[in-house]
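The values are calculated or read from the model by the stated rules, or taken from the named source; none is laboratory data. Bear in mind the structure is a predicted one, so any value in this text is a computation, not a measurement. Positions of Cβ are generated from backbone atoms using ideal geometry, with glycine treated the same way; all protein chains shown enter the neighbour counts.
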Amino acid sequence: MSTLIDNIKYFRKEKGLSQKEVAAKSEISLATYQRIEQGTSDVGMTDLSKISDVLGIGVDTLMKRRCTIITLANTKGGSGKTTMAIHISKQLKLLTGKKVLAFDTDIQESLSNVHSDDSIVDLVTFDHTKKFVSKESSIRTQLVNLSKEYDFIIIDTAGSFESFTFLSAIIEMSNILIVPFQLTRMSISGTEFIEELIVETNAHRSEQGKLPTKAVAVATMVNKRANEVKILKDIEFEGINVLTNVISNSVEYSRTDDLSTSFTNASIKKEFDKFMDELEKYTGLSN
Ligand SMILES: Nc1ncnc2c1ncn2[C@@H]1O[C@H](COP(=O)(O)OP(=O)(O)OP(=O)(O)O)[C@@H](O)[C@H]1O
Ligand SMILES: [Mg+2]
């Protein structure tokens with residue numbers, strides 16, 4: 001799908017407008033407008049400028065590629081955030097060939113440590129030592145700037161939240177939030193904090209006329225043989241969709257946890273592909 005059509009749809013939904021409303025306000029017939037969104041009819045400059053006026057988004061912005069920001073977060077440490085950030089970044093690069101950036105905001109810099117000259121994705125490490133700007137405004141500015149350069153930004157966050165406002169700022173800037181969790185009582189019960197956070201940041205986004213951040217939870221380090229998966233169907237989080245595909249507990253994930261190496265084990269590769277498919281279906285990753 002073209003960037004333009006993609007953006008028209010995206011911003012129309014962001015403004016909470018129906019196809020009918022945009023068509024009426026831009027004085028284009030509904031049928032023509034629908035053909036434009038379907039990509040079966042080219043949009044002429046006159047119609048484009050009318051649509052741009054109705055959406056309140058400049059034509060140049062509508063023509064530009066949009067960046068998808070994906071954040072990995074969970075209150076519970078050691079839940080697989082960094083590992084998932086690594087695999088998702090590499091997989092997105094391999095699947096789409098687009099510009100992918102891994103962004104390390106954890107002061108422990110685990111993600112930065114697995115970056116090398118062979119890495120297939122770029123990496124930026126957040127500077128926690130800045131003295132004269134708040135971390136929140138600093139990350140916002142940095143993400144706005146990086147969004148102009150990259151198609152996907154995958155953000156790894158810290159396991160413990162000394163800084164609630166910093167994590168809020170990151171989530172509020174994200175299109176997608178992924179919460180990796182283990183199928184243990186402690187991990188499952190530790191997610192209330194992140195549930196509250198997503199409700200709050202989405203309320204902020206809505207005030208600014210932005211689409212909500214889509215939140216999904218994925219069970220990681222699952223022992224499939226012990227049939228741990230069967231408890232998955234009973235798990236519910238507020239405002240967070242639990243994916244049905246899970247990530248196994250396998251050395252393959254830790255063996256390939258750098259930003260250059262691909263999976264070698266076929267069944268793990270297949271498992272991860274299925275997870276990415278579901279993620280894409282639920283979040284409209286490429287839209
Ligand atoms: N699917 C998996 N199978 C096996 N081991 C895994 C898997 N995912 C993560 N691990 C291992 O579990 C440990 C914790 O994972 P990871 O560092 O990704 O968690 P984290 O949420 O980033 O932790 P922190 O909160 O400390 O940042 C690591 O040693 C990692 O190699
Ligand atoms: Mg980590």
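Looking across region 191-203, the residues that are under 17 Å from the mean Cα position of the chain (by Cα) and either closer than 16 Å to T75 by Cα or of a type in the set (K, R) (or both) come down to I194, E195, L197, I198, V199, T201. Which ranges mark the helices (runs of 4 or more DSSP H) fully within region 33-117 that have 1 or more residues being of a type outside the set (A, V, I, L, M), in contact (Cβ under 8 Å) with a residue 40 or more places away in the chain and within 12 Å of ligand 1 (Cβ to nearest atom)? Per the criteria, 81-96. What are the residues in region 209-230 that are surrounded by 13 or more Cβ atoms within 10 Å (Cβ to Cβ), of a type in the set (A, V, I, L, M) and either at pLDDT 85 or above or assigned to a loop (DSSP other than H, G, I, E, B) (or both), if any? Within region 209-230, L211, A215, V216, A217, V218, A219, M221, V222 qualify. Look at (1) farther than 18 Å from T201 by Cα; (2) assigned to a loop (DSSP other than H, G, I, E, B); (3) touching a residue at least 40 places away in the same chain (Cβ under 8 Å) and you find that S174 fails only one, number (1). The number of residues in region 134-170 being under 15 Å from the mean Cα position of the chain (by Cα) and within 16 Å of ligand 1 (Cβ to nearest atom) comes to 6. Residue under question is S206, and the condition is that it be modelled with pLDDT under 95 and within 20 Å of the chain's Cα centre (by Cα); does it hold? Yes: the conditions hold for S206. Name the single residue, out of those in region 35-74 being of a type in the set (G, A, S) and closer than 30 Å to I154 by Cβ, that is nearest to the chain's Cα centre (by Cα). Across region 35-74, the extreme among qualifying residues is A73.
Residues are listed down the side, and each one gets a yes or a no for (1) in contact with a Leu (Cβ under 7 Å, 6 or more places away or on another chain); (2) closer than 23 Å to L101 by Cα; (3) within 16 Å of ligand 1 (Cβ to nearest atom); (4) not assigned by TED's automatic domain parsing to the domain that holds F152:
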residue: L177; (1), (2), (3), (4): no, yes, yes, no
residue: F181; (1), (2), (3), (4): no, no, yes, no
residue: H204; (1), (2), (3), (4): no, no, no, no
residue: A215; (1), (2), (3), (4): yes, yes, no, no
residue: A219; (1), (2), (3), (4): yes, no, yes, no
residue: A226; (1), (2), (3), (4): no, no, yes, no
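Restricting to region 244-256, what's the tally of residues that are out of contact with any Phe, Trp or Tyr (no Cβ under 7 Å at 6 or more places or on another chain) and under 18 Å from F181 (Cα atoms)? Lay out the reasoning, then the answer.
Here is the first cut: in region 244-256, the residues out of contact with any Phe, Trp or Tyr (no Cβ under 7 Å at 6 or more places or on another chain) are 244, 246, 248-251, 253-255.
Keeping just the survivors that are under 18 Å from F181 (Cα atoms) gives 244, 246, 248-251, 253-254.
Qualifying residue count, region 244-256: 8.
Across region 5-32, what is the number of residues that are over 16 Å from G284 (Cα atoms) and in a helix (DSSP H, G or I)? Please lay out each step first, then the result.
So the first thing to find is which residues in region 5-32 are over 16 Å from G284 (Cα atoms), and the list is 15-32.
Add one more test, that the residue is in a helix (DSSP H, G or I), and what stays is 19-25, 30-32.
Count: 10.
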